[in-house]
1. Out of all the residues in the range 248-307, which are of a type in the set (Asp, Glu) and outside the structural domain of THR192 (by TED's automatic domain parsing)?
2. Which members of the range 80-126 meet the condition of being part of a loop (DSSP other than H, G, I, E, B), among the charged types (D, E, K, R) and in contact with an Asp or Glu (Cβ under 8 Å, 6 or more places away or on another chain)?
3. Check ASP319, ASP354 and return the single one that is charged (D, E, K, R) and either farther than 30 Å from ALA89 by Cβ or not assigned by TED's automatic domain parsing to the domain that holds LEU21 (or both).
4. Return yes when ALA106 is of a type in the set (A, V, I, L, M, F, W, C), touching a Phe, Trp or Tyr at 6+ places or on another chain (Cβ under 7 Å), in the same structural domain as LEU297 (by TED's automatic domain parsing) and within 12 Å of the ligand (Cβ to nearest atom) and no when it is not.
5. So, restricting to helices (runs of 4 or more DSSP H) that lie completely within the range 345-450, which ones have at least 3 residues that are within 27 Å of the chain's Cα centre (by Cα)?
6. Mind checking whether some residue in the range 152-170 is out of contact with any Pro (no Cβ under 7 Å at 6 or more places or on another chain), exposed (fewer than 13 other Cβ atoms within 10 Å of the Cβ) and part of a strand (DSSP E or B)?
7. So the check is Cβ under 8 Å with 6+ separation or different chains; which pairs have a first residue in the range 48-72 that's touching a residue at least 24 places away in the same chain (Cβ under 8 Å) and a second one that's acidic (Asp, Glu) and within 9 Å of the ligand (Cβ to nearest atom)?
8. Take the residues in the range 3-19 that are in contact with an Asp or Glu (Cβ under 6 Å, 6 or more places away or on another chain) and closer than 17 Å to GLU154 by Cα; name whichever of them is nearest to the ligand (Cβ to nearest atom).
Amino acid sequence: MKKNVTIIGAGLVGSLLSIYLSKRGYKVNLFERRGDMRKETMSAGRSINLALSDRGLLALEKVGLAEEIRKISIPMHGRYIHNLDGTTAFQRYGKEGQYINSVSRATLNMKLMDLAEQHGAGIYFNHKCTAIDWKKNIITFELPGSELQTQPAELIFGSDGAFSAARLQHQLQHDKFDYQQHYIDCGYKELTIPPTPSGDFAMEVNALHIWPRKDYMLIALPNLDRTFTCTLFFPFEGRASFSNLDTKESVKGFFEKTFPDAVPLMPNYIQEFFSNPASSLVTVKCYPWVREDKFALIGDAAHAIVPFFGQGMNCGFEDCRVLDELIEQHADDWNTILGKYQATRKPDADAIADLAVNNFIEMREKTADPKFLLQKKIEARLHEKYPGKWIPAYSQVTFSPYIRYSEALQRGQRQESIMQEVMQLPDIEQIWQAEEIEHWIISKVQNRPI
Ligand SMILES: Cc1cc2nc3c(=O)[nH]c(=O)nc-3n(C[C@H](O)[C@H](O)[C@H](O)COP(=O)(O)OP(=O)(O)OC[C@H]3O[C@@H](n4cnc5c(N)ncnc54)[C@H](O)[C@@H]3O)c2cc1C
């Protein structure tokens, strides 16, 4: 007999998971705290658009959704850098034809919910999980008007996001539960670049725009309605910080000085700055993710990461794909499936969490540094000429869905240490294209095992 499955949280990951499990013949019910976003005008939660890359697409492909989602996403081929002096530069993300996709969080979530229902999953909205009794296998939900409802559950997945109630219930009643939570000192606030008066995109559409300013940055991703959603990643405290920009004049003065080419494109930025919240960014690492054969955390509930590699959702989608492969291998043996799921995914989630924190420094600081740009050029050339031997760390994470995050972290660190030596070579700016340099680098990769 297949277990009945209860999924807590019908966000991006919970909805995708329900499709995978329904396709495997399980009876799935999803319980979601919010109302049905397909019927109500409501915000889809954090961040309006997201970068979907090859890992996420691979997971969507397995349930036949990748093509449909590609049609409603905008390819971003590289970073479009806006320097303080008004100059701009384009840095390709990968090889010709490789790109990431800007997709609306709400549209993606709604499509996943539609597909979940088409596959037979039930979605119960306005059901907020408040307690789990692990001995009796009963979940308590709070309904509107504070009414409480209990549901029996055989196999439970907690996919209720970074501040997961399911995780808390698991943690409170688990001996030796490891928990690490770290807030970075920057938060984020969303602003908008509307279309031009003639209805066009106000900037290059097929790019992720970045205004790198060392301690902070502004980024912008395109939307299908020809707007851009900008996100200001900015310290909460300090000289240039959310707490210091507390008057219209200070915001105006700061933006005009810091993002001079963006200001004319954002007619409502001052009003938006005060009406939109400054939200925090957290990394959560925890262990164990599973409880015998009856419970597992998945997505942000298991591993919340900062958004600087654009991988949080992609990683959660990959959790679903890996879990599905384990079901394929071990049929209904959930003790084995959940044990192997945790053993495989935990090191990968830890790795992408660390990679994401490191990428903040790269995006806000290094993308404007000529030496760093030269290093990226050298790496891109090596990748073109020796694709089997050198894959830049960004490409491993973003365009190589079969390289595990933990492997990408290790390989990336090894390559970075080689590149640090290369960048110290006298006259590297002149000699970087020399064959001997390339051979020297490649010989180092071969001689330096992980
Ligand atoms: C600013 C920002 C930008 C980002 N950009 C990217 C990006 O470009 N690419 C990328 O891959 N990732 C990105 N991410 C990360 C991405 O948003 C998350 O990794 C992803 O949303 C995780 O999906 P999830 O389903 O696990 O959690 P969530 O999307 O948080 O969904 C959880 C669901 O559970 C529900 N819920 C919560 N509590 C309860 C409860 N007690 N009972 C019932 N239901 C509950 C919520 O209402 C929600 O619907 C970004 C994140 C942020 C903050």
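The values are calculated or read from the model by the stated rules, or taken from the named source; none is laboratory data. Just so it is clear, the structure is predicted and the values come from calculations on it, not from any experiment. No Cβ is skipped: glycine too gets one built from the backbone with ideal geometry, and neighbour counts run over all protein chains shown.
1. If the condition is that a residue be of a type in the set (Asp, Glu) and outside the structural domain of THR192 (by TED's automatic domain parsing), then GLU292, ASP293, ASP300 are the ones that fit.
2. Residue satisfying the conditions is LYS95 alone.
3. Result: ASP319 is the single residue among ASP319, ASP354 that is charged (D, E, K, R) and either farther than 30 Å from ALA89 by Cβ or not assigned by TED's automatic domain parsing to the domain that holds LEU21 (or both).
4. Taking the combined requirement at face value, the residue does not satisfy it.
5. Here the list reads 370-385, 393-399, 405-423.
6. Yes; the residues of the range 152-170 include at least one that is out of contact with any Pro (no Cβ under 7 Å at 6 or more places or on another chain), exposed (fewer than 13 other Cβ atoms within 10 Å of the Cβ) and part of a strand (DSSP E or B).
7. As it stands, the answer is ILE48/GLU190, since those pairs meet every condition given.
8. Filtering first and then ranking leaves GLY9.
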